[in-house]
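Where a number appears in this text, it was derived from the coordinates with a stated rule and is not lab data. These numbers come from a predicted model, not from an experiment. Neighbour counts are summed over all protein chains in view; Cβ atoms, including those assigned to glycine, are modelled from backbone coordinates with ideal geometry.
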Protein chains: 2
Amino acid sequence: MSATSREGVVIVGSKPPLNYVTACLSLFNSGAAEVKIRARGQAICRAVDVVGLLRKGFVKDLKVRDISIGTQEFNLAGRSSRVSTMDIVLLKPDK
Amino acid sequence: MSATSREGVVIVGSKPPLNYVTACLSLFNSGAAEVKIRARGQAICRAVDVVGLLRKGFVKDLKVRDISIGTQEFNLAGRSSRVSTMDIVLLKPDK
């Protein structure tokens, strides 16, 4: 995230959920009003876990501003593949 | 779904995504204006895949009315566990 941006992005992959929780927390602490959590395929469940953990243990009145789902298409060795994507926009409660 | 209800619920589990696609389609065809897709834990990614498949191949202008995420707590042999949940409400385009 650049210093002027008010929004941070956390891309959820295959690491343990707590890693992404810490990433979100440090973005909020460095002044981001919104944090967007992005995930593809199997990582989508982990992204939802991250929001659950944040809500339960770290930011009590965290708001979920928006959730969107979609599909991304790409060519892999001449074959077209599809993967589901999800974006969750979190809002810091006091902003 | 009862005959008088205008909303159907499809609970996504561990079967192949196409099974749930067919379930959604038959609910829409039997007159449901809305179909709610429910999933927990690992099945959340599959629920997003189901929506992607429906949009891509079956109901071209399907609308996603609402997506909500949450956490469900339960006691398993004296230990409390948490699992993430997701509800996706789909709207038939012509309704």
Kindly state which strands (runs of 3 or more DSSP E) lie completely within region B:1-80 and contain at least 2 residues that are away from chain A (no Cβ under 14 Å) and over 11 Å from the mean Cα position of the chain (by Cα). B:63-76
Could you tell me how many of the residues in region B:50-95 are free of Cβ contacts under 8 Å to residues at least 12 places away in the same chain and surrounded by 15 or more Cβ atoms within 10 Å (Cβ to Cβ)? 2
Options B:A39, B:A32, B:A47: the member that is touching a Pro at 6+ places or on another chain (Cβ under 9 Å), of a type in the set (G, A, S) and either touching a residue at least 24 places away in the same chain (Cβ under 8 Å) or closer than 21 Å to A:E73 by Cβ (or both): B:A47
